[in-house]
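Where a number appears in this text, it was derived from the coordinates with a stated rule and is not lab data. These figures come from a predicted structure and were not determined experimentally. Because the Cβ atoms are built from the backbone with ideal geometry, glycine has one as well, and the counts that use them run over all protein chains shown.
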Amino acid sequence: MSFNSFSEFLSMGGHGLYVWLSYALGLIVILANLVLPLQAGKRLKQSLARRIHREAKRS
Amino acid sequence: MAKAEKKWLPRWFYQLASPRWCYQICGKLLPGFSLVTLVLLLGGTLWALLFAPADYQQGNSFRIIYLHVPSAILAQSCYMLMAVAGAIGLIWKMKVADMVAKSCAPIGASLAVLALLTGAIWGKPTWGSWWVWDARLTSMLILFFLYLGVMALNSAIESESTAAQSTAVLALVGLVNIPIIKYSVEWWNTLHQPATFKLTEKPAMPAEMWMPLLVMVIGFYTFFAVALMLRLRNEILRRERRSGWVKELLLVK
């Protein structure tokens, strides 16, 4: 452990703002890269399935 | 003649060319890669934030390296993959390669943004400035613009095969930027520190510092694989929507 207390961990020796801002951005970028394609895939599958059903009815 | 040519490359290369096979193999690989990514990134972050020692000059702001270096490495690796996939698509007319190239662009752009932003945040306490027009920073910014250019060009062209061809050419031309990024810290006077990992030398920092960094780099690679496979599967479904196997797949649900 490099820190003796939780408040010391949060302040990061006065660099807390920089460190936590960076890690928050990292989390956002990583999550966005997973959540966005998952949502897009769900929407795509729904719309494709609707179209296939429509075409099946017509024929 | 055609037969002799076919034996030239391994079997999996031709299997990769099949969108259906690619969709299925990605589906099989995704759970394992996701698990490994979760373990590596979570473990690496805890190691980086809690256990790695502070730098004797930079103090704790040094911990930004554990995001900055992996995202910068991946932004470049992703670009190389995008260009190589584009080239394969151009040469062998392989549809899956075009889809890989297209799926790479948004992921690479987001990683380039992360590298630039964490770099700016790290630069403030270390150099006293958010941004300097330095060779490394500028070439990295150009990488980000190249990604944007590839994405814009791809969405601007209606025909999918023409879009893939033109973006492949743009990506290949932009490939010249990759060695510039790599050697920018050696060719020009720069504030930026040299590479942490080199293939031929031991890292200059102690093992307690670079080991979590290595974990994070590997974790970012597996994360990239997951993000790419997710996008690739969507792209395959979208492009192959008229083929029988996609209809079958979607009707089952």
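Summary of computed values
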item	result
Within a Gaussian network of chain B (alpha carbon springs, distance under 10 Å), most fluctuating of B:Trp47, B:Trp92, B:Trp210	B:Trp92
Average beta-carbon neighbours from other chains, 10 Å sphere, peptide B:111-121	3
Globularity index of chain B, i.e. its alpha-carbon radius of gyration over 2.2 N^0.38 Å	1.13
Descending semi-axes in Å of region B:1-133, equivalent ellipsoid built from Cα gyration tensor	40, 19, 11
Shielding score for B:41-48, defined as the mean number of other chain Cβ atoms within 10 Å	1
Within a Gaussian network of chain B (alpha carbon springs, distance under 10 Å), most fluctuating of B:Arg241, B:Arg231, B:Arg11	B:Arg11
Cβ crowding within 10 Å averaged over residues, with B:175-185, A:38-48, B:96-106 ranked highest first	B:96-106, B:175-185, A:38-48
Equivalent-ellipsoid semi-axes of the protein assembly as shown, from the Cα gyration tensor, Å, largest first	39, 23, 18
Full-stretch length increase - B:Ile142, B:Thr190 - with 0.36 nm per residue and alpha-carbon distance subtracted	15.6 nm
Positive-end residue, the protein assembly as shown charge dipole about Cα centroid, Cβ charges, pick of B:Ala204, B:Leu230, B:Pro125	B:Leu230
Theoretical ellipticity at 222 nm over the protein assembly as shown - DSSP helices of four or more residues, -39500 (n - 2.57) apiece, nearest 500	-26500 deg cm²/dmol
Cα gyration tensor of chain A - equivalent ellipsoid semi-axes, whole Å, descending	50, 9, 6
Exercise: per-residue mean of other protein chain Cβ atoms within 10 Å, B:237-250	3
